[in-house]
1. Mind scanning 41/171; 135/157; 26/146 and naming the pairs with a C-alpha gap bigger than 31 Å?
2. At 7 Å along the Cα-to-beta-carbon direction for both residue 37 and residue 54, put a label point, then send me their distance in nm to one decimal.
3. Note the listed values (i) 51; (ii) 40; (iii) 63, then indicate which one is percent of Cα pairs over 22 Å apart calculated from this particular structure.
4. Using Cα positions and a limit of under 18 Å, work out the aspartates and glutamates in reach of residue 172, with same-chain residues fewer than 8 apart set aside.
5. Which of the listed residues, 100, 153, 15, is farthest toward the dipole's positive end in segment 6-171, when Lys, Arg count +1 and Asp, Glu count -1 at the beta-carbon?
6. Hey, what number do you get for the chain at 222 nm if only DSSP H runs of n ≥ 4 count, each worth -39500 (n - 2.57), divided across all residues, to the nearest 500?
7. Among 81, 55, 11, which one shows the highest mean-square fluctuation when the chain is modelled as a Gaussian network with alpha-carbon springs under 10 Å?
8. About the Cα centre, and with charges only on the beta carbon of Lys, Arg (+1) and Asp, Glu (-1), how big is the dipole of segment 6-171? Nearest 20 debye, please.
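Every read-out reported here was derived from the displayed coordinates using simple, explicitly stated rules and does not represent laboratory data. Please read these numbers as outputs of a predicted model, since none were measured by experiment. Heads up, the Cβs are rebuilt from the backbone with ideal geometry, glycines too, and the neighbour counts pull from every protein chain shown.
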Amino acid sequence: MDSVKSISLVGFMASGKTTVGKQLAKRLGFEFVDTDDLAEKFEGRTISSMFEDSGEAYFRDVESRILQEVLSEPGRVISTGGGIILREENIMALRGASIVVWLKASRETILKNLGRTEDKRPLMRKGEAEERIDKILPARIEKYRKAAHITVAVDGKSPANIVSEILFNLKKM
């Protein structure tokens, strides 16, 4: 893994990208970066406020710029926002500069994980999560599949088991 590019984690919100990413980075001795956190630091405001005040297209522009920046250095585990794959240029950048791992979570796992996190997610308003997931997730599945070099189904698995599965798949590449 010494000469490896970065590893980018993609998947729907609450699929475990940040939790798994931190553990994977530690195991590999890589730097961990979260594109959503960087977007908030860069803008000096939350993603929710970017959506509300400037619109989704504005946020997607910020997200794409940050992605280009984080992909410029190897040896990172990158946790991406759930919608990073909505732009074809992001998929191409991810695949070109990193090994892309799709953390594939079912609707049920996403809902369970959303219940555990503070709701800072602009596309998930209280009481609307199931309806929003049903609307957004099916449209994104093919894009996640297209982006991924490796797919790991996360349902019912611990973060440690998911990390082990990713490492196993990386060795086969």
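1. Details: 41/171 34 Å; 135/157 25 Å; 26/146 27 Å.
Over 31 Å apart, Cα to Cα: 41/171.
2. 2.0 nm
3. Only one listed value fits the structure, namely (ii).
4. 2
5. About the Cα centre, the residue reaching furthest to the positive side is 153.
6. Details: 8 runs with 97 residues, N = 173.
My calculation for the chain gives -17500 deg cm²/dmol from helical runs alone.
7. 55
8. Values: 27 positive and 25 negative charges, 128 e Å.
Value, rounded to 20: 620 debye.
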